[in-house]
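The values are calculated or read from the model by the stated rules, or taken from the named source; none is laboratory data. Everything quoted here is computed from the prediction, not taken from an experiment. With ideal geometry, Cβ positions are generated from the backbone for all residues, glycine too; neighbour counts draw on all protein chains shown. Only protein heavy atoms, including side chains, enter the accessible area calculation; ligands, DNA and RNA are left aside. Shrake-Rupley method; radii C 1.70, N 1.55, O 1.52, S 1.80 Å.
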Amino acid sequence: MRVDQKHDLAERTTHWLHVVNMALLLLSGFQMHIPDFNLFLTISNARLVHFISMYLFLALGVIHAYLFFALGKHKVALFGRGDVKDIIPLAKFYLFLSSKEPAYEKYNVLQKLSYAGLFAMSCLQAILGFALYWPESLAPVATVLGGLAAVRMYHYLVSWVFLSFTGVHLYLILTTDIRLLFEMVNGGKAREREVEVWQPAKMET
């Protein structure tokens, strides 16, 4: 039997960098959209923080996607047909309608769905952001969506999706098991599993 870490160092590092990165993106973005929200003193400061955080967001996304497939995390994190049966039972558990939580390996079905949706929303937000950053080069995006004003509004609305996701994410952690929060700090331990131990082949005599 072998006990592995539930969250390896790379996963924990990118997670907390994402937390800081998203906080800076949201706060600077709100000041750019609502000037009275004067956290960074000037709009110029807010734009600088937003643009730097934007590139960090993209870099973290590329790193996370690489690790997701290179380390085989997709085998336990991607939603599959076998997960469908757990959607309703897990929803009942989170809504306190049932005391039984469906068994799962590392991520439950709602986590798989929400993380997939979050990745899709991240791609959309990046496209919207660059359409505002490079309005001439990405003019077709603005044309399809109804102009730069519409793009700006969609970009702002998607930021509320991220903020809402964060709120639900924290709610589920704090109401399910506070130890989940510390597992993202110390790595936690995955369930014990049997592993094959390699042995050198015996030479025939």
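Is it fair to say G117 is in a helix (DSSP H, G or I), on the phi < 0 side of the Ramachandran plot and out of contact with any helix residue (DSSP H, G or I) (no Cβ under 8 Å at 6 or more places or on another chain)? Outline the logic, then answer.
Values: in a helix (DSSP H, G or I): yes; on the phi < 0 side of the Ramachandran plot: yes; out of contact with any helix residue (DSSP H, G or I) (no Cβ under 8 Å at 6 or more places or on another chain): yes.
Yes; evaluated as a whole, the condition is true for this residue.
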- Being in a helix (DSSP H, G or I), under 22 Å from G117 (Cβ atoms) and of a type in the set (G, A, S), is that true of even one residue in segment 8-21? no
- Item | Residue selected from segment 10-25 under the condition crowded, with 17+ Cβ neighbours inside 10 Å and aliphatic (A, V, I, L, M), by the criterion modelled with the lowest pLDDT | M22
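Hey, among the residues in segment 120-142 that are of a type in the set (F, W, Y) and within 21 Å of F162 (Cα to Cα), which one's least open to solvent (accessible area, probe 1.4 Å)?
Going residue by residue through segment 120-142, those that are of a type in the set (F, W, Y) are 130, 133-134.
From what's left, within 21 Å of F162 (Cα to Cα): 130, 133.
On the way: F130: 29, Y133: 79 Å².
Within segment 120-142, the match that is least open to solvent (accessible area, probe 1.4 Å) is F130.
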- Query: Consider L95 against the criteria (1) more than 21 Å from H169 (Cβ to Cβ); (2) surrounded by fewer than 13 Cβ atoms within 10 Å (Cβ to Cβ): it satisfies all of them except one. Which criterion is unmet?
  - Reply: (1)
- Cβ pairs under 8 Å, 6+ apart, first in segment 54-81 and more than 18 Å from T13 (Cα to Cα), second among the small types (G, A, S) and open to solvent by 30 Å² or more (accessible area, probe 1.4 Å): L78/A116; F79/A116
